[in-house]
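What follows is a set of notes on a single structure, which appears directly below.
The values are calculated or read from the model by the stated rules, or taken from the named source; none is laboratory data. Model, not experiment: these values are computed from the prediction. Backbone-built Cβ (ideal geometry, glycine too); neighbour counts: all protein chains shown. For accessibility, only protein heavy atoms count, side chains too; no ligands or nucleic acids. Shrake-Rupley method; radii C 1.70, N 1.55, O 1.52, S 1.80 Å.
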Amino acid sequence: MNSSKKFSRRAFIRTGALGVGALSLGSTLSALAACSAQPQKKLGIALVGLGGYAGGQLAPALQQAQYCYLAGIVTGTPSKAVEWSKKYNISQKNIYNYQNFDEIKNNPDIDIVYVVLPVALHKEFTIRAAQAGKHVICEKPMALNARDCEEMIAACKKANRMLSIGYRLHFEPHNMEVMRLGQQKVLGKITSMDNGNGFKYGGDPNAWRLKKALAGGGGLMDMGIYAIQGARYTTGMEPLKVRARQEKTNPELFKEVDETVFWELQFPGGLVTTGKSSYNNNWGYLRAKAERGSFELEPAYGYGGIAGKRSDGPLLFPQINQQQAQMDDFAQCVMNNKPTRVPGEEGLKDMRVIDAIYRSLDNSGNWETIG
Ligand code: NDP
């Protein structure tokens with residue numbers, strides 16, 4: 001963040017506060033108008049790993065963001081460095097590769113590093129970014145397992161840097177509404193819930209998503225995490241136990257990772273919710289029954305449009321650019337030193353559930369304690 005950007009917003013806040021007490025309404029309004037014409041303060045984000053999500057969603061969202069912008073890139077592919085620097089007007093001094101990444105420490109243009117790499121690399125680059133003095137957003141799933149998540153959280157705390165997970169649905173209006181309906185018991189207590197997320201994998205059979213060492217697991221890690229999140233944020237509770245089973249219809253393609261997984265989560269008070277994930281089925285729903293009605297979202301978890309209804313009417317909320325909302329919120333958290341609603345601890349909680357699901361799969365579907 002450069003000092004002129006910093007100054008304009010502070011000046012706006014100061015002048016606005018002064019105006020209310022000391023100036024006439026007319027002069028206050030013209031002072032506010034003059035100040036709001038000044039450039040908005042924006043934090044610089046560097047994207048690490050220029051794959052499908054970084055190129056398809058995050059970079060375009062950063063073009064619309066109000067509080068952050070695409071300041072830098074980190075890539076292992078030199079041709080992408082050339083292409084991105086032209087397309088997004090990124091200065092050469094803000095382009096890194098995985099080897100010289102730590103030099104980002106000396107770059108004041110970069111405030112936030114956004115890790116968009118295969119899962120196995122999340123831990124290393126989150127820790128290196130924090131040690132370089134940068135705040136971090138790390139994509140989901142946060143890491144290969146809960147122990148790695150704990151190390152990432154500790155490293156960011158030690159470096160006094162904020163850590164956030166790319167949980168965009170916490171900023172999405174339909175999903176925020178189901179959080180409200182469930183957590184505030186608007187239709188009474190939730191009595192049952194079912195969540196599913198998955199897609200039919202038709203991609204490269206050699207892609208990192210199918211390699212255990214790089215992905216940690218399959219449909220459960222990549223897609224099931226949304227269904228687990230859905231159960232957690234709708235009930236507002238943390239599950240205590242889980243049991244799971246799996247199906248593999250294509251053991252050749254899904255040699256190393258899970259294809260379709262089914263689970264039950266046991267919550268405090270006795271509620272048991274069901275969930276499923278897949279690399280072989282197109283699912284994407286959240287369904288809750290409560291004492292006095294029900295509500296659901298479908299599609300629930302994507303970014304191509306979310307829809308939903310309640311038993312007593314529709315759920316009508318705007319479609320927003322979720323990535324923009326998520327990154328703008330984190331930039332404001334950093335600017336104002338306020339906690340993010342999706343910290344590393346949130347990623348850790350999901351990974352504890354996922355670890356327990358894998359333990360259950362290894363233990364013939366036994367109930368496993370989470371955490
Ligand atoms: P891609 O495979 O499209 O991109 C990953 C990028 O990582 C590559 O293009 C490459 O970039 C870099 N990379 C570095 N090392 C490796 C390696 N050994 N193998 C493969 N790629 C490597 O993945 P996605 O963009 O789909 O996913 C990245 C992350 O984002 C994952 O954690 C995923 O779960 C998450 N994601 C989140 C979504 C959401 O909605 N929140 C949606 C989609 C993905 P380069 O060439 O620049 O080095």
Inset, instruction - Mind telling me which of 243, 292, 359 comes out most flexible in a GNM of the chain, alpha-carbon contacts under 10 Å? - result: 292
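At 4 °C and 1.567 mPa s, what whole-number value in µm²/s does Stokes-Einstein give for the translational diffusion of the chain, with Rh from the Kirkwood sum over Cα pairs?
Working: Rh = 22.0 Å.
The calculation lands on 59 µm²/s.
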Legend entry - GNM flexibility winner over the chain from 234, 249, 274 (Cα, springs under 10 Å): 249
Inset, instruction - Would you please classify the overall shape of segment 142-228 from the alpha carbon gyration tensor, given that a ≥ b ≥ c denote the square roots of the eigenvalues, rounded means a/c under 1.5, and beyond that prolate means a/b larger than b/c while oblate covers the rest? - result: oblate
Inset, instruction - Calculate what fraction, in whole %, of the accessible area of the chain sits on carbon and sulfur atoms when a 1.4 Å probe is rolled over the protein chains. - result: 52 percent
Legend entry - Added length on full extension, which subtracts the Cα-Cα distance from 0.36 nm per residue, residue 212 to residue 200: 2.5 nm
Legend entry - Sum of side-chain charges, residue 195 neighbourhood, beta-carbon under 9 Å (Lys, Arg +1; Asp, Glu -1): +1
Legend entry - Most fluctuating residue given options 72, 216, 270, as computed from a GNM of the chain linking Cα atoms under 10 Å: 270
Legend entry - Protection-proxy order for peptides 132-138, 189-195, each taking the mean of Cβ atoms within 10 Å per residue, highest first: 132-138, 189-195
Legend entry - Euclidean distance between Cα centres, segment 58-109 to segment 138-216, Å: 25 Å
Inset, instruction - Specify which residue in the list 367, 293, 323 is farthest towards the positive end of the charge dipole of the chain, using unit charges on the beta carbon of Lys, Arg (+1) and Asp, Glu (-1), about the Cα centre. - result: 323
Inset, instruction - Which order do the peptides 141-154, 309-322, 334-347 take when ranked by the mean count of other beta-carbon atoms within 10 Å per residue, highest first? - result: 141-154, 334-347, 309-322
Legend entry - chymotrypsin sites (Phe, Trp or Tyr not before Pro) restricted to segment 64-143 and DSSP loop, no more than 16 other C-beta within 10 Å: 98
Inset, instruction - Could you list which residues have their amide H under 5 Å from that of residue 41, counting only those 5 or more apart in sequence or on another chain, with H placed in the peptide plane? - result: 9
